[in-house]
Amino acid sequence: MKAKEIQSYVTSQIFGKKIFAYEVVESTNTTAKSLIQDSTDGTIVIADAQTAGRGRLKREWLSEPKKNLTFSVIIKPEIAPELFGVLSLYAGLSVAEAIESVAKLRPVCKWPNDVMLNGKKFCGILSEAVFNREMLAGVIVGIGININQSIFPRELESIATSLLQVTGKELDRFSILAAVLDRMEYNYTSIKTGNSTGIIEGWKKYSTMFGKEITINQDKHPVRGIAKRLDDDGGLILLTNKGEEKFLAGDVALCSW
Ligand code: BTN
């Protein structure tokens with residue numbers, strides 16, 4: 001893939017002004033990490049294929065080459081570390097909004113950072129903060145969106161999907177990228193000003209878990225409870241048999257209902 005071709009789709013003023021495009025990398029998050037020091041806010045690292053795509057909690061992210069989007073966005077917001085949890089919600093919200101406008105579908109945001117269609121995941125997000133001598137150099141928001149993949153490995157069939165599987169139509173990957181970057185730009189003002197409420201309110205509109213009994217797996221121990229609300233830092237308040245308990249995005253392996 002060529003940066004110039006992708007650039008011709010991009011309309012955001014900040015996100016995608018600078019694009020590093022590759023055929024194959026280990027992981028776009030890892031490449032972004034090596035470029036972060038000299039990169040400006042909104043720089044994109046994108047690849048047709050990853051040989052070691054990473055998911056949360058040391059899982060892998062498998063994506064068929066040239067069919068989907070696997071990219072990382074470098075952002076340099078001056079926000080308090082306790083608001084990092086909101087960054088995943090921010091990215092998930094931006095993806096959901098973009099898919100709704102381009103593909104006319106209504107995705108569901110699943111806390112903390114998956115985006116779903118028909119109960120299966122089509123988008124995963126891995127946010128990583130990068131520090132340089134204890135100073136925050138920036139945050140890498142890695143996004144994988146399954147677009148035109150028609151077949152998934154057997155072990156993923158029941159949990160993964162793509163826009164092609166849902167709509168029956170092939171979609172233009174870079175039009176979707178451009179739409180995601182537009183929404184990221186729009187929502188960025190809330191992030192930059194530390195106004196997590198705007199992100200949380202937007203995200204809640206795409207969630208179906210509130211008021212329902214859900215299970216989250218923390219340190220391999222499942223905890224059941226009613227999903228009550230999100231805190232300002234993106235943490236989830238669950239009503240369990242011990243009362244209200246708060247869970248942070250980074251601590252949770254799986255959330256289901
Ligand atoms: C998850 O659902 O566990 C997160 C998956 C994140 C995958 C994306 S693909 C682009 C970027 N590079 C990576 O290695 N991972 C993220």
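The values are calculated or read from the model by the stated rules, or taken from the named source; none is laboratory data. These numbers were taken from a predicted model, which means no experiment stands behind them. Cβ placement follows ideal geometry from the backbone for every residue including glycine, while neighbour counts extend to all protein chains displayed.
Taking Lys192, is it more than 20 Å from Trp61 (Cβ to Cβ), more than 16 Å from the ligand (Cβ to nearest atom) and without any contact (Cβ under 8 Å) to a residue 60 or more places away in the chain? Spelling it out, it is not the case that Lys192 is more than 20 Å from Trp61 (Cβ to Cβ), more than 16 Å from the ligand (Cβ to nearest atom) and without any contact (Cβ under 8 Å) to a residue 60 or more places away in the chain. Can we say Lys76 is modelled with pLDDT under 95 and either more than 15 Å from Arg183 (Cα to Cα) or within 12 Å of the ligand (Cβ to nearest atom) (or both)? Judged against the criteria, Lys76 is a match.
Answer yes if at least one residue in segment 48-65 is assigned by TED's automatic domain parsing to the domain that holds Ala91, away from the ligand (no atom under 12 Å from the Cβ) and not in a strand (DSSP E or B), and no otherwise. Among the residues of segment 48-65, at least one is assigned by TED's automatic domain parsing to the domain that holds Ala91, away from the ligand (no atom under 12 Å from the Cβ) and not in a strand (DSSP E or B), which makes the answer yes. Can you name the residue in segment 147-182 that is farther than 19 Å from Ile125 by Cβ and acidic (Asp, Glu) and, of all such residues, is surrounded by the fewest Cβ atoms within 10 Å (Cβ to Cβ)? By that ranking, first place goes to Glu155.
Ile36: within 16 Å of the ligand (Cβ to nearest atom) and not small (Gly, Ala, Ser), yes or no? Break it down stepwise before answering.
Details: within 16 Å of the ligand (Cβ to nearest atom): yes; not small (Gly, Ala, Ser): yes.
Yes, satisfied.
A search for C-beta distances below 6 Å between a residue of segment 119-145 that is at positive phi and any residue that is among the β-branched types (Val, Ile, Thr) and assigned to a strand (DSSP E or B), counting only pairs 6+ apart in sequence or on different chains, returns Gly138/Ile74; Gly138/Val130. Just so you know, in segment 33-47 the residues that are among the polar types (S, T, N, Q) and part of a loop (DSSP other than H, G, I, E, B) include one that is surrounded by the fewest Cβ atoms within 10 Å (Cβ to Cβ), and it is Thr40.
Within segment 203-212, one or more residues are assigned to a helix (DSSP H, G or I) and either loosely packed, with under 14 Cβ neighbours inside 10 Å or within 18 Å of the chain's Cα centre (by Cα) (or both).
Taken over segment 14-25, the criterion of being exposed (fewer than 14 other Cβ atoms within 10 Å of the Cβ) and charged (D, E, K, R) is satisfied by Glu23 alone.
To keep it simple, each residue is scored yes or no on (1) within 12 Å of the ligand (Cβ to nearest atom); (2) crowded, with 24+ Cβ neighbours inside 10 Å; (3) of a type in the set (Asp, Glu); (4) in a helix (DSSP H, G or I).
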site	(1), (2), (3), (4)
Glu5	no, no, yes, yes
Ser12	no, no, no, no
Asn29	yes, yes, no, yes
Val95	yes, yes, no, yes
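Of all residues in segment 147-199, those satisfying the criterion of being closer than 25 Å to Ala49 by Cβ, assigned to a helix (DSSP H, G or I) and of a type in the set (Gly, Ala, Ser) are Ser175, Ala178, Ala179. Taken residue by residue, segment 231-244 has at least one member that is more than 30 Å from Gln7 (Cβ to Cβ) and of a type in the set (Lys, Arg).
In segment 131-146, how many are surrounded by 18 or more Cβ atoms within 10 Å (Cβ to Cβ) and outside any loop (DSSP other than H, G, I, E, B)?
Here is the first cut: in segment 131-146, the ones surrounded by 18 or more Cβ atoms within 10 Å (Cβ to Cβ) are 138-146.
Next cut, outside any loop (DSSP other than H, G, I, E, B) only: 138-145.
Selection size over segment 131-146: 8.
Can you say whether Cys123 is within 15 Å of the ligand (Cβ to nearest atom), closer than 22 Å to Thr197 by Cα, of a type outside the set (Ser, Thr, Tyr) and in a strand (DSSP E or B), as far as the supplied structure shows? When the stated conditions are applied, Cys123 does not pass them.
From the list Val115, Val102, Val108, the one residue that fits, being crowded, with 19+ Cβ neighbours inside 10 Å and either at negative phi or in the same structural domain as Val10 (by TED's automatic domain parsing) (or both), is Val115.
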